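S.K.: What follows is a structure written as structure tokens; I'll ask about it next.
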Amino acid sequence: MKLIFLASALCIIFSIQSAAQQSCADVDDQLVDKVTNLENADFVFAGLFPIKLAGCLEYQLEKGVERMESMIRAIQLINEDTNFLPGITIGYDMRDTCGQETVGIEEAISLVQSEFSSGNLSGIPIGVIGAASSSVSVPIASFLRVFNIPQISYASTSALLSDTDRYDYFFRTVAPDTFQALAMLDIINNFGWRFLNALYTQSTYGTPGVEAFSRAVDANNETCLDVESPIPEDDEMLNGLAMRVAISNANIVVCFCITSDANRIITAVRDYITNNIPNRTRIVWIASDAWATSEDAIEGVEEFVDGFIGVAPFAQEFQNFTEYFTNINPYAITNDLWFCGYFRERFNCEYDTMNTTLKCPNSIADASTSDYQQNNIVPFTYDATYALASALDIVLKENCEQPYNISHDQMCKEKNGNDFIKIGGETLRDALYKVNFTGTTRDFVFFDESGDGQAKYAIYNYKYNSDINFKEIGTWDAAREGKRLDIKGYNPTDNVTSYCGGIAPCKPGFETIFQAETDLCCWTCEPCRSNTYSSNTFALNCKTCPDGQWGNNPFGNNTACVVIETLSLNYDTWWAWVFLVISLIGFVGWAVVSIIYLVKWNHKVIRYSGREHCILMLIGAGICFILAFFTIAKPLIYTCTIWSLLYWSSLSLLIFPLLMKIIRIVRIFITKQNVHTKRFLSWQWQIAFSIIPVVVVLVIVIISFSTKQQVIEILVFQPTILGTPIHQLTCMDPHDAFTIIIYAMFILSVVILLFFAILTRTYPKNYRESVHIMYSSFSLIVIMFANVIIFFLLSGEFVIYRRLVQNICLMLIAATILLAFFGPRLFLVLFRDKDIKDGETTVETETRLTEAGQRAEEFKKTLAKKHPGILDPFAPYIDKFKGESGENLEENNVVGNQAENIAMMEVKSDPMKKEAQ
């Protein structure tokens with residue numbers, strides 16, 4: 001009995017040691033249906049992986065075992081970390097889905113069925129990592145939600161799984177295909193491809209993927225689809241689809257396919273082109289994430305698909321796993337017996353052979369033919385495992401008393417209480433939404449409200465016979481503001497174009513006009529004219545040039561913008577300097593007149609010629625000549641404002657004071673009203689009446705400027721057919737309505753001035769001042785009419801000369817007044833001063849006589865009152881004298897008052913003497 005017991009003990013020890021560490025040469029991996037490690041496990045994480053291909057016979061060399069090993073490695077690291085889930089041991093239960101929905105759901109049922117039937121709840125997985133394919137994940141997600149078991153996929157991207165009403169316990173560390181479709185479309189637009197074919201696997205992966213892509217194409221309005229079809233299972237129908245793709249004008253094929261379907265359709269298209277269209281333009285394939293970096297998908301057609309572009313979830317290489325995986329020794333393996341079959345098929349070797357050539361190496365790192373590249377989904381598998389562990393850590397910290405004491409039915413003692421609570425289910429699902437950690441795939445790993453991961457993709461390019469077949473050429477990140485796609489230093493087009501009907505994409509300088517709003521596949525090309533341009537091939541519209549620029553070929557087809565030449569009045573032309581010299585001569589003349597007036601300010605000729613009107617007119621003339629410098633200056637807001645205010649002020653000060661002067665003469669000499677009843681003849685009123693219309697004009701101008709900009713730009717084309725326009729810069733005149741009102745005021749004033757000047761041409765008797773005003777008026781009315789006519793004729797390309805013409809006319813008006821009005825006065829003051837009487841002026845004499853007559857009348861009344869009758873003897877003589885001298889006295893009173901501040905001194909010239917006699 002003792003011997004039997006000893007033998008049994010040795011057998012048990014040997015079996016345990018064999019289970020702990022054994023050689024792949026001693027096991028038959030085909031008999032392995034699962035890989036588990038449940039020893040001392042407080043919680044179990046289940047894993048679903050496509051270990052073998054359909055039929056569950058041949059190992060997948062790319063997806064299954066490597067991803068499963070990354071989950072095992074993640075659990076090892078979690079159990080080794082004493083600060084994370086302290087005192088908790090995680091076990092695992094790995095199952096093979098063979099990439100099939102039926103197998104996957106069977107394994108999911110198996111995960112929970114045996115434990116429920118036996119009543120042992122400790123073996124039920126608290127969460128499931130997987131599956132890979134969306135078509136497998138969909139039914140499993142529906143099943144697991146019945147048991148409230150969270151599921152985190154590392155590769156399922158179907159948009160259907162974002163429906164939280166149907167799959168509320170489903171999470172994933174990758175983004176849904178809606179973002180992948182956008183990434184594909186951005187790549188297509190980046191290289192200017194417009195005409196596409198879209199193929200897909202008819203499944204929960206391919207169908208939603210191509211639907212999302214089709215919606216993106218429809219919303220884009222820059223691309224269109226020719227062939228959109230599922231990949232049929234029937235070979236004859238597959239060949240028919242291959243023919244449609246081959247003869248299509250679309251040279252871009254987007255394929256939302258699983259690996260096997262991608263290989264089948266590519267092979268069929270390759271065969272049809274080789275046999276029927278050997279010279280066809282090569283096709284650029286756009287691969288979805290299912291086969292973006294898959295060598296199985298392109299096996300046998302590598303050269304035909306050379307240059308294809310793949311889109312796959314972005315992840316940085318998990319260095320810890322690479323070192324771990326490449327050093328697994330198949331001769332000293334623990335319980336991962338699937339690795340044996342994977343390793344044997346990868347290196348096409350044998351474990352139990354004496355042939356060194358066929359014998360399997362000790363590890364991947366030791367293999368001389370090893371070209372290991374980490375599968376791009378490995379980091380997502382690790383992050384999925386770590387996310388589930390992080391959620392468990394959150395639940396334990398929030399609900400359980402430490403140190404944790406987990407019962408066999410996955411319960412713990414409540415924190416700050418005596419009750420026990422169940423770990424997992426809804427509580428664990430809610431904790432997954434709180435997960436946020438630094439992972440291997442990106443800086444932060446978390447789940448959005450739909451349980452989806454963040455949308456970031458790596459862009460791969462396949463190069464046949466290259467050291468690195470799948471080279472990462474860029475990234476696409478939905479969170480990147482601005483340009484989501486970032487491809488640097490690579491152009492995969494190789495002159496490949498894709499357009500409809502044999503019409504080449506519109507060249508630069510043209511815009512694309514689609515034949516119908518609903519048909520974006522066929523188009524015509526229209527040139528960009530005027531100030532629009534297109535610099536890209538196949539531009540959908542002509543862009544507008546920036547302000548100040550024009551198309552480089554405005555009557556042909558613009559491919560770029562050029563700066564428009566700016567033309568304005570400036571100091572660079574010879575005629576501008578001639579104009580300034582003339583204005584300086586006028587300014588000198590004005591200065592001479594002004595200085596003489598100031599020096600001779602109290603001279604009788606100047607004193608009695610209405611100095612207040614003359615000073616205002618001299619100010620207006622001075623402004624006129626200064627205005628020339630602003631006329632030639634570059635039109636800016638401040639120069640235009642100053643010019644407008646000075647111009648209208650100058651014109652007003654030249655016209656309105658002269659009008660007030662002639663009106664005053666008319667009131668004094670022509671009207672029959674008694675001079676004592678005539679008001680507003682003093683110099684203060686005359687200045688006021690002269691300034692008021694000036695202010696009115698300036699107010700009108702300011703109001704007009706408040707409704708229009710003061711600097712305008714006008715485009716005028718050069719005479720040459722294909723020439724660019726000239727950019728004319730000029731000051732803006734007041735609104736046309738205000739301009740007409742102002743000029744109408746001036747013309748009416750000049751007409752009235754001329755009429756009154758003619759009416760009073762013989763007054764005053766001793767100095768016919770109105771004659772000189774009349775001469776000035778004739779010239780003014782001619783100049784004013786010419787100014788108005790030319791102003792409105794100068795339009796279009798000649799509008800910039802308006803200011804110049806206005807200033808010239810204003811200078812002519814000023815010169816006319818200086819010569820015709822001020823000239824005779826200065827002549828008298830400077831050259832005829834000796835002919836002017838030194839005695840009393842007519843005004844002074846008549847004033848004195850008026851005062852003497854008044855005193856005599858008062859004396860007569862006083863004498864008659866004190867001595868009545870004393871003058872009776874002299875009455876006849878007094879009446880006779882009164883009749884003669886009184887008449888003269890009354891006349892003298894009237895003339896004296898009428899001539900106040902107007903009548904000039906008597907001149908001893910012969911004509912004046914004869915008139916006086």
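The values are calculated or read from the model by the stated rules, or taken from the named source; none is laboratory data. The model shown is predicted, which means the values in this text are computed figures rather than measured ones. Neighbour counts are summed over all protein chains in view; Cβ atoms, including those assigned to glycine, are modelled from backbone coordinates with ideal geometry. Accessible surface is based on the protein model in full, side chains and every heavy atom, while ligands, DNA and RNA are left aside. Shrake-Rupley method; radii C 1.70, N 1.55, O 1.52, S 1.80 Å.
S.K.: Exactly one condition in (1) part of a loop (DSSP other than H, G, I, E, B); (2) closer than 22 Å to ASP28 by Cβ; (3) of a type outside the set (A, V, I, L, M, F, W, C) is false for ASN376; which is it?
M.R.: Every condition holds for ASN376 apart from (2).
S.K.: Something else: Only one of PHE195, PHE256 is under 30 Å from SER142 (Cβ atoms) and aromatic (Phe, Trp, Tyr). Can you tell me which?
M.R.: PHE256
S.K.: Test VAL112 against the stated conditions and say whether it is open to solvent by less than 40 Å² (accessible area, probe 1.4 Å) and more than 48 Å from the chain's Cα centre (by Cα).
M.R.: Against the criterion (open to solvent by less than 40 Å² (accessible area, probe 1.4 Å) and more than 48 Å from the chain's Cα centre (by Cα)), VAL112 qualifies.
S.K.: Limited to the stretch 67-78, what total is found for residues that are open to solvent by 10 Å² or more (accessible area, probe 1.4 Å) and of a type outside the set (A, V, I, L, M, F, W, C)?
M.R.: Total meeting the criteria: 3.
S.K.: Let me ask something else. Given the condition of a type outside the set (Asp, Glu) and in contact with a helix residue (DSSP H, G or I) (Cβ under 7 Å, 6 or more places away or on another chain), answer yes or no: does some residue in the stretch 352-359 qualify?
M.R.: no
S.K.: Sticking with this structure for a sec: Where residues in the stretch 201-224 are of a type in the set (A, V, I, L, M, F, W, C) and touching a residue at least 40 places away in the same chain (Cβ under 8 Å), which of them is nearest to THR512 (Cα to Cα)?
M.R.: In this case the residue turns out to be CYS224.
S.K.: Then there is this: For ASN329, only one of the following conditions fails: (1) at pLDDT 85 or above; (2) over 24 Å from GLU80 (Cα atoms); (3) more than 59 Å from the chain's Cα centre (by Cα). What is its number?
M.R.: Condition (2) is where ASN329 drops out.
S.K.: Are there any pairs with C-beta distances below 7 angstrom linking a residue in the stretch 811-836 that is over 10 Å from HIS772 (Cβ atoms) and at pLDDT below 80 to a residue that is hydroxyl-bearing (Ser, Thr, Tyr) and surrounded by fewer than 21 Cβ atoms within 10 Å (Cβ to Cβ), with the two at least 6 apart or on different chains, and if so which?
M.R.: ASP835/SER909
S.K.: Sticking with this one: If I filter the stretch 380-410 down to residues being more than 57 Å from the chain's Cα centre (by Cα) and under 20 Å from GLN76 (Cα atoms), which single residue comes out as surrounded by the most Cβ atoms within 10 Å (Cβ to Cβ)?
M.R.: Filtering first and then ranking leaves ILE406.
S.K.: Condition first: of a type outside the set (A, V, I, L, M, F, W, C), farther than 18 Å from ILE773 by Cα and buried (at least 22 other Cβ atoms within 10 Å of the Cβ). Now tell me which residues in the stretch 605-634 satisfy that.
M.R.: Answer for the stretch 605-634, where residues must be of a type outside the set (A, V, I, L, M, F, W, C), farther than 18 Å from ILE773 by Cα and buried (at least 22 other Cβ atoms within 10 Å of the Cβ): just THR631.
S.K.: Does the stretch 249-263 contain at least one residue that is of a type in the set (A, V, I, L, M, F, W, C), part of a helix (DSSP H, G or I) and surrounded by 24 or more Cβ atoms within 10 Å (Cβ to Cβ)?
M.R.: Yes.
S.K.: Which of the numbered conditions does ILE421 fail, given that it passes all the others? Conditions: (1) within 17 Å of GLY127 (Cα to Cα); (2) surrounded by 13 or more Cβ atoms within 10 Å (Cβ to Cβ).
M.R.: Going through (1) within 17 Å of GLY127 (Cα to Cα); (2) surrounded by 13 or more Cβ atoms within 10 Å (Cβ to Cβ) one by one, ILE421 breaks only (1).
S.K.: Quick one: would you say ASP306 is farther than 24 Å from GLY192 by Cβ and either in a loop (DSSP other than H, G, I, E, B) or modelled with pLDDT of 90 or more (or both)?
M.R.: In short, no.
S.K.: Collect the residues in the stretch 19-50 that are under 22 Å from PRO330 (Cβ atoms), in contact (Cβ under 8 Å) with a residue 60 or more places away in the chain and part of a loop (DSSP other than H, G, I, E, B), keeping them in residue-number order.
M.R.: GLN21, SER23, VAL27, VAL32, ASP33, PRO50
S.K.: Quick one: in the stretch 711-742, which of the residues that are among the acidic types (Asp, Glu) and at pLDDT 65 or above is surrounded by the most Cβ atoms within 10 Å (Cβ to Cβ)?
M.R.: ASP733
S.K.: Within the stretch 574-615, which residues are of a type in the set (A, V, I, L, M) and more than 55 Å from the chain's Cα centre (by Cα)?
M.R.: Within the stretch 574-615, VAL588, ALA591, VAL592, VAL593, ILE595, ILE596, LEU598, VAL599, VAL605, ILE606, ILE615 meet the criteria.
S.K.: Can you report the number of residues in the stretch 309-344 which are in a strand (DSSP E or B) and crowded, with 21+ Cβ neighbours inside 10 Å?
M.R.: Looking only at that region, the number is 5.
S.K.: When the stretch 345-356 is examined, which residues are found to be open to solvent by 50 Å² or more (accessible area, probe 1.4 Å), of a type outside the set (S, T, N, Q) and in a loop (DSSP other than H, G, I, E, B)?
M.R.: If the condition is that a residue be open to solvent by 50 Å² or more (accessible area, probe 1.4 Å), of a type outside the set (S, T, N, Q) and in a loop (DSSP other than H, G, I, E, B), then ASP352, MET354 are the ones that fit.
S.K.: Provide a single number: the residues in the stretch 319-367 that are free of Cβ contacts under 8 Å to residues at least 24 places away in the same chain and over 21 Å from GLU58 (Cα atoms).
M.R.: 9
S.K.: All but one of (1) in contact with a strand residue (DSSP E or B) (Cβ under 9 Å, 6 or more places away or on another chain); (2) free of Cβ contacts under 8 Å to residues at least 24 places away in the same chain; (3) of a type in the set (D, E, K, R) hold for ASP383; state the number of the condition that does not hold.
M.R.: With respect to (1) in contact with a strand residue (DSSP E or B) (Cβ under 9 Å, 6 or more places away or on another chain); (2) free of Cβ contacts under 8 Å to residues at least 24 places away in the same chain; (3) of a type in the set (D, E, K, R), ASP383 is out only on (2).
S.K.: Further question on the same structure: In the stretch 33-55, what residues are touching a Gly at 6+ places or on another chain (Cβ under 8 Å) and at pLDDT below 85?
M.R.: Within the stretch 33-55, LEU53, ALA54 qualify.
S.K.: Another question, if that's okay. Pull up the stretch 80-104, narrow it to residues that are part of a helix (DSSP H, G or I) and farther than 19 Å from THR381 by Cα, then point me to the one that is nearest to the chain's Cα centre (by Cα).
M.R.: GLU101
S.K.: Looking at LEU121, is it open to solvent by 50 Å² or more (accessible area, probe 1.4 Å), under 22 Å from ALA155 (Cα atoms) and modelled with pLDDT under 90?
M.R.: no
Per-residue answers, yes or no, for (1) touching a strand residue (DSSP E or B) at 6+ places or on another chain (Cβ under 7 Å); (2) hydrophobic (A, V, I, L, M, F, W, C); (3) open to solvent by less than 10 Å² (accessible area, probe 1.4 Å):
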{"position": "ILE129", "(1), (2), (3)": "yes, yes, yes"}
{"position": "ALA132", "(1), (2), (3)": "yes, yes, no"}
{"position": "ILE140", "(1), (2), (3)": "yes, yes, yes"}
{"position": "VAL146", "(1), (2), (3)": "no, yes, no"}
{"position": "SER153", "(1), (2), (3)": "yes, no, yes"}
{"position": "THR157", "(1), (2), (3)": "no, no, yes"}
{"position": "LEU160", "(1), (2), (3)": "no, yes, no"}
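S.K.: Follow-up question, since we're still on this one. Between VAL217, VAL284, VAL210, which is in contact with a Phe, Trp or Tyr (Cβ under 7 Å, 6 or more places away or on another chain) and within 18 Å of THR178 (Cα to Cα)?
M.R.: Going through VAL217, VAL284, VAL210 in turn, the sole match is VAL210.
S.K.: Which condition does ASP165 not pass, out of (1) in contact (Cβ under 8 Å) with a residue 12 or more places away in the chain; (2) farther than 26 Å from VAL253 by Cβ; (3) surrounded by fewer than 24 Cβ atoms within 10 Å (Cβ to Cβ); (4) not polar (S, T, N, Q), if it passes all the others?
M.R.: Checking ASP165 against (1) in contact (Cβ under 8 Å) with a residue 12 or more places away in the chain; (2) farther than 26 Å from VAL253 by Cβ; (3) surrounded by fewer than 24 Cβ atoms within 10 Å (Cβ to Cβ); (4) not polar (S, T, N, Q), the one that fails is (1).
S.K.: Within the stretch 486-530, count every residue that is open to solvent by 50 Å² or more (accessible area, probe 1.4 Å), of a type in the set (S, T, N, Q) and at pLDDT 75 or above.
M.R.: Of the residues in that region, 2 qualify.
S.K.: Being modelled with pLDDT of 85 or more and out of contact with any Gly (no Cβ under 9 Å at 6 or more places or on another chain) is the filter; apply it to the stretch 560-578 and report the residue that is nearest to THR544 (Cα to Cα).
M.R.: Filtering first and then ranking leaves TRP577.
S.K.: Quick check, is MET745 out of contact with any strand residue (DSSP E or B) (no Cβ under 6 Å at 6 or more places or on another chain) and modelled with pLDDT of 70 or more?
M.R.: yes
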